Structures are given as structure tokens and as C-alpha cells.
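*Asks:* First, the structure itself, so that you have it in front of you.
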Amino acid sequence: MPRLPCLPPVLLAFTAACGASFEGEKDRDSAAVPQTDIDTDSDADTDSDTDSDADTDTDTDGDTDPDPCMILEPLGSAAENREAIQACLDREGRALLVGGTYEIDGTLHVSAASLDGNGQAATLRMTGTPNSLVTVEDDALVQGLRLDANGRVDDTNGAVVHLVGSRSTVRDAWIGDQLGPAAGYHLTGVYFIDASSTGNLVEDVEITNLFYGAIFVAGLPASSANRISGALIHGTQCDGVTFAGYGELVASTLYESGWDCENGPIPGASVYGLANPDGALIQGNAMSDDCGNVLDLDDVQNFVVEDNTLSGPGYQWEGWAPWCTGNGAVLVDSSYNSFERNVVENSGRSNNRVDQFGDPNALFHARGAPEYSDLPDGGDTAIGFVLAQRPGSPGTTVNNSFADNELRAACTAPCVGLGWFASRGTGFDAAGGWSASTTNYFVRNSPYGSNQGSKRCGGNWYAANDTCTGDTWPEGDCNRDDDQHDGGDWARNDDCAAY
């Protein structure tokens, strides 16, 4: 189910700017002219007074007034703070907040300028109700700030930080809400809200206490290359990062998200993607302890997911969110994606059995068959990784590549952990045809550590050019449990091809 708002026009405003006066003076006295007194007396009284002290005043203390835009202190009202900061940004291209809390009554617009909070010594706190605290435009730098929505920023496509231009950087910042997410208040931390923006970087930030962490808006193409790097994203009521359009998430840590997306409830994830044909790069991240699936991708294409660790779905916040349940990673109705060198773990939580949430999409059984009948232990099965096609969406899960992943699940009896599951219909086109361009490729994956390795429905490719005896591993392109799947077809699918 879609979790995103629609995109409105972004209104940018610019205010008048302040000036800075500079005064300086240098006084330089003429050096004394050397003088010789000619005396006719025989004692040759010659005075060579060269005045060696050279009365030159270089005035080294410099009577230059400090730049007022580099020593901005909190003023008496939110309006005064906003006006002073905005004036410096517009006229001087810089504003340094020396420290303290600066309440502001409206959005600050940063374009071709730098806004600096002196190593997070300064906090910007909203008192008005615009739909962003800071809007970052072209060629801007925002750094060293604590950005507090204060429960005030309008959540209609709202965010603490809007990125609407190109080539800007937001770094070393705390982005959140001191009051925490409130029911019905769906505010985002960082919103890449302009589908024409390119080359923006959000790095080394903490995003927390909000409904959504970050969103890449629908329509962003792969050429946009907007990136989040080195971020800490946690404590979001719904998803940590949402990819509706192309974006990049690298080297970041995400955890404890998704306890109530207020839509069913469907539990949230560290990373969520929906109806996105443009793709994403999700690389080198650690994601863990979310209410639902840790990685949740639905109807996406051209995603590159590599070198991540995904663990701990179904986190219940020490019992106060008992509805939480999920899988390590899920791809549904998704094609042309690459999933490589990831570690996916769903172990130790019996609340992650599939019957805890149910099967509203009918992924785990043939038409007319008992619910969960494709799983080794029925509804008591917990799954590490799921590749699935809905029964009513033929041909939507094709030509994905899965290589060199560790996909495992384990739980205490009667629960059984299943490393990975491929549903019926996966790998076939809309007419039920199978070819090299439709099948999904699984090579060198390992379910080691699971109670059971994998269940392989659909029509997919499991290193079928290799013998795969199971005597040693790795063995060519063999998946670690390929030798246990010789009772189905020649490509090592089990006998459950279609719904």
C-alpha cells in the first residue's frame, strides 16, 4: 500500500539582506631624515642622528569591525532571528550562528550560501507553521546545526529539510523533533522533493523522532545521484528511508523504525520502496530491529542492493508493540534488480512466524490450497528472504539477480526458520512463458544457519550448469543447498511452479 503524500509546488521566498561595514586605517609617519652637523671645530663634532626608532605606526591591531553575519546570536523574537539569518544568507552568502537556541517563525532559504551552526552549538527551532524549517536550494552548505521541528512544521508534504535545488550539502546535523512523532503528524526529516534536483549530499547526520526519516520523491531519475551517506536514522514511526524515485543510501545505520505507519497497520521498515521504476543504490548499510520487514520493496525495478547487513525484523520495543512481525527482506512484483553480498538474518523471534501477520497477498499457497501450504512448517515458518509475485500480477517478478548472499532464519520449535522462499509465478512472463530473460538467477547463496535452507517455487535458475554435489562449498556457482533440490525440474526448482 502506498505510504507517500503527493508532491505540491515548492514556493521559494527571498528576503532583503543585511550589509557589513568594514573600517580600517593605517598611520605611517615619515621616517626622520638623517642629519649631519658640520662643525669647524677641530673636534669634528659630527651628529649622525638617524632616529633609528623610525616612528612608523602600522596599527597592527586593525580597527576592522567583525562581520556581523559571522557572530549571529539569538535575538528577542522568532521573527527577528529569521530575518537576521535570512538577510545574511541573501546579502553576504553566509551566516554563522555562534550558539544557543534560535527560534524562527518561518522557513530559512539557503541558496548559494552557507548556514553554519558552529559544530551543533546552535539549534534552530520552529515556532511558525511552514512546511519546512530549512529549504536548501542550489550550491548551498548547511552544517553543524540542530534542526528541531518542535511539533510545528506543517506536515503537508512537509519536512525539516527540503532539498529543491542541486549540488548542495547538508552535513553534521541533528534533524528531528524534540517532541517526538504524534498521532496523525506525518513529518519527514529530509525530503528530496524536487524531481529535477541533482548531486545533493546529506552526510553524517542523525535523523530521529519523526514519522518518516527521508524520502526520495517519485520521478527522480538515476542521473540525479542524490545521496545519503554516513547517516544515523532511527526512531521513525514509519519507514527510515523511502525510495519513490532514484536515490542513494550508503554506509549508514538504520534501526528501530516502523511501529505504526497508521495505515492498517502495515508495519514499517528501515528501507521501503514502492512503484519505483528508476531504481536506487543501497550499499554498505547496517539495518536492524524494525517492526516489519527490514527491507521492503514492492513493484520496483533497477535497484542495486549490495554489501548490507539486514537483521532483526519484528522488533517489539520490549513488548509495547506486540503487533510487530516481519521478514529480513522482501521483494514483491519487482524486476531487473540486483541483490548481492548481503547478510539477511531473521533469527530468534518466534513472533516472526508468517501467521502472525497473515497472508493478505496469498503468496504462500496455490489457488484453492490451504493457507501457507507452500511453506515447510505452514504458518509456523519464519523466513529470511522472500521473492514473490502476487497471484494477480503475472510477469512482474522477472530477471532479478541474487548472488553471494547469506540468507538465514532460525527460531525455536514449533517455529521453523527458512533461509529463503521464492513464490509461485516468479521467473515466468505474463503468459506463463519461461526464458533466459525472464528467470531469476540465484548463484553462490548460502542459507547456512537456517533450520531449513530454501523453498523454491516458480521458475528460477539455481546454478543449473554446475553439478552441485554438496560435498564441498563453494562449488562453482552452486548455492549451498542446491543438492537438496533435485526432485523438481532441471533448474532445481521445487514442484510448485504456478498458482
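The values are calculated or read from the model by the stated rules, or taken from the named source; none is laboratory data. Quantities reported herein were computed from a predicted structural model and do not represent experimental measurements. Neighbour counts are summed over all protein chains in view; Cβ atoms, including those assigned to glycine, are modelled from backbone coordinates with ideal geometry. Quick note on the areas: whole protein, heavy atoms, side chains included, nothing else; ligands and nucleic acids left out. Shrake-Rupley method; radii C 1.70, N 1.55, O 1.52, S 1.80 Å.
*Asks:* Among the residues of the range 426-433, is there at least one that is out of contact with any helix residue (DSSP H, G or I) (no Cβ under 7 Å at 6 or more places or on another chain) and at pLDDT below 95?
*Replies:* No: the range 426-433 contains no residue that is out of contact with any helix residue (DSSP H, G or I) (no Cβ under 7 Å at 6 or more places or on another chain) and at pLDDT below 95.
*Asks:* Has the range 375-382 got any residue that is free of Cβ contacts under 8 Å to residues at least 60 places away in the same chain and closer than 17 Å to residue 344 by Cβ?
*Replies:* Checked the range 375-382: at least one residue is free of Cβ contacts under 8 Å to residues at least 60 places away in the same chain and closer than 17 Å to residue 344 by Cβ.
*Asks:* If a residue counts only when it is under 30 Å from residue 196 (Cβ atoms), which strands (runs of 3 or more DSSP E) contained entirely in the range 94-149 have at least 2 such residues?
*Replies:* Hits in the range 94-149: 94-96, 108-110, 114-116, 122-126, 132-136, 141-148.
*Asks:* So in the range 195-214, with the set limited to residues that are in a loop (DSSP other than H, G, I, E, B) and of a type in the set (A, V, I, L, M, F, W, C), which one is surrounded by the fewest Cβ atoms within 10 Å (Cβ to Cβ)?
*Replies:* Start the filter on the range 195-214 by keeping residues that are in a loop (DSSP other than H, G, I, E, B), which leaves 195-200, 204-205, 209-211.
Next, from what is left, pick out any that are of a type in the set (A, V, I, L, M, F, W, C): 195, 205, 210-211.
Details: 195: 17, 205: 28, 210: 28, 211: 24.
This residue is 195.
*Asks:* Right, something else. So how many residues does the range 356-378 have that are open to solvent by 60 Å² or more (accessible area, probe 1.4 Å) and in a helix (DSSP H, G or I)?
*Replies:* Counting residues in the range 356-378 that are open to solvent by 60 Å² or more (accessible area, probe 1.4 Å) and in a helix (DSSP H, G or I) gives 1.
*Asks:* Residue by residue through the range 425-457, note down the ones that are under 19 Å from residue 336 (Cα atoms) and in contact with a Leu (Cβ under 8 Å, 6 or more places away or on another chain).
*Replies:* Residues satisfying the conditions are 426, 440, 445.
*Asks:* Restricting to the range 402-426, name every residue that is farther than 17 Å from residue 344 by Cα and either surrounded by fewer than 20 Cβ atoms within 10 Å (Cβ to Cβ) or in contact (Cβ under 8 Å) with a residue 60 or more places away in the chain (or both).
*Replies:* Answer for the range 402-426, where residues must be farther than 17 Å from residue 344 by Cα and either surrounded by fewer than 20 Cβ atoms within 10 Å (Cβ to Cβ) or in contact (Cβ under 8 Å) with a residue 60 or more places away in the chain (or both): 412, 413, 414, 415, 423, 424, 425.
*Asks:* Report whether or not residue 333 is open to solvent by 20 Å² or more (accessible area, probe 1.4 Å) and of a type in the set (D, E, K, R).
*Replies:* Against the criterion (open to solvent by 20 Å² or more (accessible area, probe 1.4 Å) and of a type in the set (D, E, K, R)), residue 333 does not qualify.
To keep it simple, each residue is scored yes or no on (1) aliphatic (A, V, I, L, M); (2) in contact with a Lys or Arg (Cβ under 8 Å, 6 or more places away or on another chain).
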residue: 333; (1), (2): no, yes
residue: 364; (1), (2): no, no
residue: 367; (1), (2): no, no
residue: 385; (1), (2): no, no
residue: 394; (1), (2): no, no
residue: 407; (1), (2): yes, no
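*Asks:* Here is a further query. Of the residues that sit in the range 408-463 and are out of contact with any Ser or Thr (no Cβ under 9 Å at 6 or more places or on another chain) and of a type in the set (A, V, I, L, M), which one is nearest to residue 384 (Cα to Cα)?
*Replies:* 413
*Asks:* Let me ask another. Would you check if there is a residue in the range 353-364 being touching a Phe, Trp or Tyr at 6+ places or on another chain (Cβ under 9 Å), within 26 Å of residue 443 (Cβ to Cβ) and touching a residue at least 12 places away in the same chain (Cβ under 8 Å)?
*Replies:* Scanning the range 353-364 turns up at least one residue that is touching a Phe, Trp or Tyr at 6+ places or on another chain (Cβ under 9 Å), within 26 Å of residue 443 (Cβ to Cβ) and touching a residue at least 12 places away in the same chain (Cβ under 8 Å).
*Asks:* Still on this structure, please answer the following. Give me a count of the residues in the range 215-238 that are within 10 Å of the chain's Cα centre (by Cα), within 22 Å of residue 301 (Cα to Cα) and open to solvent by less than 10 Å² (accessible area, probe 1.4 Å).
*Replies:* 3
*Asks:* With the condition being closer than 29 Å to residue 356 by Cβ, I'd like the strands (runs of 3 or more DSSP E) fully within the range 399-499 carrying at least 3 qualifying residues.
*Replies:* Counting at least 3 such residues, we get 406-410, 416-422, 452-456.
*Asks:* Would you mind finding the one in 482, 494 that is over 34 Å from the mean Cα position of the chain (by Cα), acidic (Asp, Glu), within 19 Å of residue 373 (Cβ to Cβ) and open to solvent by less than 50 Å² (accessible area, probe 1.4 Å)?
*Replies:* Being over 34 Å from the mean Cα position of the chain (by Cα), acidic (Asp, Glu), within 19 Å of residue 373 (Cβ to Cβ) and open to solvent by less than 50 Å² (accessible area, probe 1.4 Å) holds for just one of 482, 494, which is 494.
*Asks:* Working only within the range 253-297, note down all residues that are open to solvent by less than 10 Å² (accessible area, probe 1.4 Å) and among the charged types (D, E, K, R).
*Replies:* 290, the sole residue that qualifies.
*Asks:* Give the number of residues within the range 254-281 that are touching a Gly at 6+ places or on another chain (Cβ under 9 Å), outside any loop (DSSP other than H, G, I, E, B) and not small (Gly, Ala, Ser).
*Replies:* Result for the range 254-281: 6.
*Asks:* Give me the pairs, please: first residue somewhere in the range 63-79 and surrounded by 15 or more Cβ atoms within 10 Å (Cβ to Cβ), second residue anywhere and outside any loop (DSSP other than H, G, I, E, B) and polar (S, T, N, Q), beta-carbon distance under 9 Å, and either six or more positions apart or on two chains.
*Replies:* As it stands, the answer is 72/81; 74/81; 74/101; 75/81, since those pairs meet every condition given.
*Asks:* Cβ-Cβ below 8 Å, separation at least six or inter-chain, first residue in the range 227-247 and within 16 Å of residue 290 (Cβ to Cβ) and in a loop (DSSP other than H, G, I, E, B), second open to solvent by 10 Å² or more (accessible area, probe 1.4 Å) and of a type in the set (Lys, Arg): which pairs?
*Replies:* Pairs that qualify, where the first residue is within 16 Å of residue 290 (Cβ to Cβ) and in a loop (DSSP other than H, G, I, E, B) and the partner is open to solvent by 10 Å² or more (accessible area, probe 1.4 Å) and of a type in the set (Lys, Arg), are 238/3; 239/3.
*Asks:* Is it the case that some residue within the range 181-194 is part of a loop (DSSP other than H, G, I, E, B), charged (D, E, K, R), closer than 18 Å to residue 245 by Cα and open to solvent by 10 Å² or more (accessible area, probe 1.4 Å)?
*Replies:* yes
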